[in-house]
Ligand SMILES: Nc1ncnc2c1ncn2[C@@H]1O[C@H](COP(=O)(O)OP(=O)(O)OP(=O)(O)O)[C@@H](O)[C@H]1O
């Protein structure tokens, strides 16, 4: 590919040595903050400004990039270029001239002549000779690294002064060199002369302790969750980033780059936020939206876009053991801009809501916030209309023994949600219908059954719960009884009615509750999208923000974690592809003498999930089509076919383990088949269609339409009237589409890090942080970034930028 090497422009890290910032974040820069970026290059320790490069002979051959044309790859059917032709609209307010002119102090990869001292130091302690007064890192018995000073060295031992004045004698070879004090707390890890695990951990901790939660790792922004309010946001800061009077790492800086690049390059942008549950993804997404809304605002629609957050959080977030406000769905919000650079609309896509939470949740967790908010905050008339009880009186909510969240006022949140619904133009009548459905779901959980014969067949017990459900849905008690206690089936072309046992009836009731809630969530997103739909003045330019559930590993991991972790593997592949594979491939293609930087590729794990016909997803789907299959037969099938796969391990009974990029996860297949089939019996759909209220009717028509659309799909479970594509296959399809969409954008990555599992401020667990940094390859990204060119672009893009900057 023809390209010019332009040193500057894109990576703000590359722009960094640019003098003192004009506006200091009140708490992000302490008075005694010693680092001066301009001096860093000169006084950055003993390493020469060499180039990271290893002898090519030491490197392995290239790894598996999904081949173009492979149907199993989301990258197969499209060009992966981010170049797009478009009108030269661009908008008038961007000012990228200064950035285009800046020159980073970075070496050329071609200048590399041999292994750099930096690279041999990468995690390598053996060659390090500690000297008196040197600052070094030593590992304490608990595994943490501590910064200490060498008092004396003799033979192969050193005597060290560790924090709190203690003295330790350790083998010199176990020590890791520390960076000079002047580099303490640098705002880009690329500036560290010793790039090692302890030095990165120390640097992040140093900054974290001063509320500087953002640090660049080359092109990636690392955000360490402060678990408290930090004075880094608001209008003053937005102004400072817009005017470039502040350039310390920040979500605002990332959003600003996205906005500028969208205008100057005429390419859609994406901000991809990842991290574990509770790491801060949703908050980060909101901060990015806040910046875009502020810069691209004016028409009022930006306010509507921001107000989608309380609605989606109320209906799609819940308290889990890891996060009091955990998103139980994935979200992509695409913000569209007009020719003048103003926001003109938005589109939200959601992924796989965890609907099992509606009927079942673990002790100490809660179901979706809206249930508690409605019960706490509904005004008297609504409360009476919906026959609301206290939260601890509903069976669905009672099982987890957790009703409130410390510091959260559910009643107040309810008012915020209804206000937000008003702002996104959900009519009062629709709001009432929405809350009627929420209440109906709660009351459904209280519908009980009476056994009517000695075969355990049941009928619903006609009492308050059944009566309230039938009133809220607009159906008769008879219809409710029929749908929950009997099933129509076709056997040998004959219609028969089967009576349901207590277990079957309870499952049918729960399936209806889950389907109602999931349909309601989908419907709400549709209404929001209608309200935010893009106006006539669209340019086709957009910035997408992806906030998708983080990697999960619990004591017991089920189908939900299986899907969530699969999504994270896909995202990790996107990250790897852009920051490791494509970047390095281009160097090689351009004939630059480049030694490959190793990184943890997760292609094998993705193959384990996606390969046909013997991948986890295909095998799950196949097993889901067999009426007599069980979770155990599924687990056995996996063991039979996948036991030789290095990413898979069969366990005893119904369990199996997957070696994910972020660690091993043991899955229990209990419930996998049922959750994957996710069958709502046709009787239930017809029941909803017959209800008098329009909203359940709408849900039913949507379900019926989906089942019609699927007539042509070869995969059809053999169950008589099953109506859907399996959950895993649908999710895989959504993820492929998502990846294709993201591939046509310029990505900006934000990695959120959770510093402790207690959700408390000022606690920085080194091991926890390190594990997150390792699993997302932050160190490798820094290494590639400082070894390579700061930015690369085609002649065409360069010309467009120069034109844009000078016009
Ligand atoms: N920038 C921030 N400032 C202050 N608090 C924050 C910030 N980021 C995160 N938090 C705190 O951490 C909590 C968890 O963050 P968030 O819900 O964004 O995590 P998440 O990564 O989206 O988790 P999940 O994957 O479970 O949805 C927030 O509720 C908030 O209390």
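Values in this text are rule-based calculations from the coordinates and carry no lab data. Given the structure is predicted, the values throughout are model-derived calculations rather than measurements. So basically every Cβ, Gly included, is an ideal-geometry build from the backbone, and we count neighbours across all protein chains shown.
The overall shape of the range 228-377 is prolate: from the C-alpha gyration tensor, with semi-axes ordered a ≥ b ≥ c, the ratio a/c is 1.5 or greater and a/b exceeds b/c.
Work out the FRET efficiency for residue 462 and residue 387 from their Cβ-Cβ distance, taking R0 = 22 Å, and round it to the nearest 0.05. Write out the running numbers ahead of the final one.
Details: r = 15 Å, r/R0 = 0.70.
Working from the Cβ atoms, E equals 0.90.
Taking a ≥ b ≥ c as the square roots of the eigenvalues of the Cα gyration tensor, an a/c ratio of 1.5 or more together with a/b no larger than b/c marks the range 250-321 as oblate. At full extension, residue 401 and residue 614 could sit 72.5 nm farther apart than now, given 0.36 nm per residue minus the alpha carbon distance.
Fewest to most neighbouring Cβ within 10 Å: what's the order for 643, 555, 211?
Details: 643 11, 555 7, 211 20.
Going from least to most buried by this count: 555, 643, 211.
Here 157, 412 are placed in order of increasing Cβ neighbour count within 10 Å, fewest first, which gives 412, 157.
Could you work out how far apart the two model spin labels at residue 796 and residue 607 are, taking each label as a point 7 Å from the Cα in the direction of the beta carbon, and quote it in nm? Rounded to a tenth, the inter-label distance reads 3.4 nm.
With Cα atoms defining each centre, the range 273-335 and the range 627-674 are spaced 34 Å apart in the structure.
To the nearest Å, what is the center-to-center distance of the range 405-455 and the range 511-525, using C-alpha atoms only? So the two Cα centres are separated by 11 Å.
Gyration tensor over the Cα atoms of the range 129-174: the corresponding equivalent ellipsoid has semi-axes (square roots of 5 times the eigenvalues, largest first) of 15, 11, 9 Å.
What FRET efficiency, computed as 1/(1 + (r/R0)^6) with R0 = 41 Å and r the Cβ-Cβ distance, is obtained for residue 360 and residue 149, rounded to the nearest 0.05? The partial results should precede the final answer.
On the way: r = 55 Å, r/R0 = 1.35.
Using R0 = 41 Å, I get an efficiency of 0.15.
Each part gets one Cα centre, and for the range 359-382 versus the range 551-611 those centres are 38 Å apart. Distance between the modelled labels on residue 758 and residue 686, one decimal in nanometres: 5.8 nm (7 Å Cα→Cβ projection). Of the residues 586, 429, the one with the fewest other Cβ atoms within 10 Å heads the list, and the complete ranking is 429, 586. Length available on full extension from residue 431 to residue 502: 0.36 nm per residue minus the Cα-Cα distance, which gives 22.1 nm.
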